[in-house]
Amino acid sequence: MFETIDYLQFGNKNQKRAYLAIENLGIMHNLSEYHPMLCGTLPLGIDIVSSDLDIIMNVVEFTSFEQKVTTLYGIYQDFKLKKLSIRNVPVIKANFTFEGFEFELFGQPQPVIEQYAYLHMIIEKSILNDTPCLKDEIIILKERGYKTELAFCKLLGLEGDSYDALLEFGKRKQII
């Protein structure tokens, strides 16, 4: 379902706006060699006003990615790019604002379907499908400042690092 962004055209008002912004930016086409995928709260319809558009990618060669992203999106408001390490994996992130959305481009040398953001989204979608009444509670917690994974863990009674706990839950329930 998440391989393309076409489903956003038929979603809620904010999903439709996001679809147009992503299409107007041309980002999925322009960065197709990195297999971009929209992840996070917006695809699940649990986004709040401060939610950004997280696009994850498989980036092995950071220098050429940095040049391409800077050339394509460096002109947009609040553009910044940084390299860091998360869980001992090198990552590159670019952020900017376009058509009222904050975009976060996240690249790491790993297929997108193996990245935490994608796996969390698949698990969260399954949970919401099984227990739709959690949706409003998740949104309330997010509006109170909870990160998405932490909100799910709180409602599910999962303890420890929320990123790892959610993955373990998904494995235990055979979601992933």
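The values are calculated or read from the model by the stated rules, or taken from the named source; none is laboratory data. This one's a predicted model, so the numbers in the text were calculated from it and none came from an experiment. Every residue, glycine among them, receives a Cβ derived from its backbone with ideal geometry; neighbour counts consider all protein chains shown.
List of remarks:
- Among (1) more than 25 Å from Leu31 (Cβ to Cβ); (2) among the aliphatic types (A, V, I, L, M); (3) in contact with a strand residue (DSSP E or B) (Cβ under 8 Å, 6 or more places away or on another chain) - the single one Leu155 does not satisfy: (3)
- Test: residue in region 22-31 that is at pLDDT 95 or above and among the charged types (D, E, K, R): yes
- Taking region 11-101 as the region of interest, none of the helices (runs of 4 or more DSSP H) fully inside it holds 3 or more residues being assigned by TED's automatic domain parsing to the domain that holds Glu124.
- Scanning region 1-10 for residues that are charged (D, E, K, R) and outside any helix (DSSP H, G or I) gives a single hit, Glu3.
- Here region 102-115 is the region considered, the condition is being of a type outside the set (Val, Ile, Thr) and either more than 17 Å from the chain's Cα centre (by Cα) or surrounded by 20 or more Cβ atoms within 10 Å (Cβ to Cβ) (or both), and the residue that is nearest to Gly157 (Cα to Cα) is Gln115.
- Single residue of region 19-39 satisfying the filter (touching a strand residue (DSSP E or B) at 6+ places or on another chain (Cβ under 6 Å) and aliphatic (A, V, I, L, M)) that is surrounded by the fewest Cβ atoms within 10 Å (Cβ to Cβ): Ala21
- Restricting attention to region 128-154 and to residues that are surrounded by 17 or more Cβ atoms within 10 Å (Cβ to Cβ) and more than 17 Å from the chain's Cα centre (by Cα), the residue that is farthest from Phe2 (Cα to Cα) turns out to be Leu141.
- Out of Val112, Val89, one residue alone is without any contact (Cβ under 8 Å) to a residue 40 or more places away in the chain and in contact with a Pro (Cβ under 9 Å, 6 or more places away or on another chain). It is Val89.
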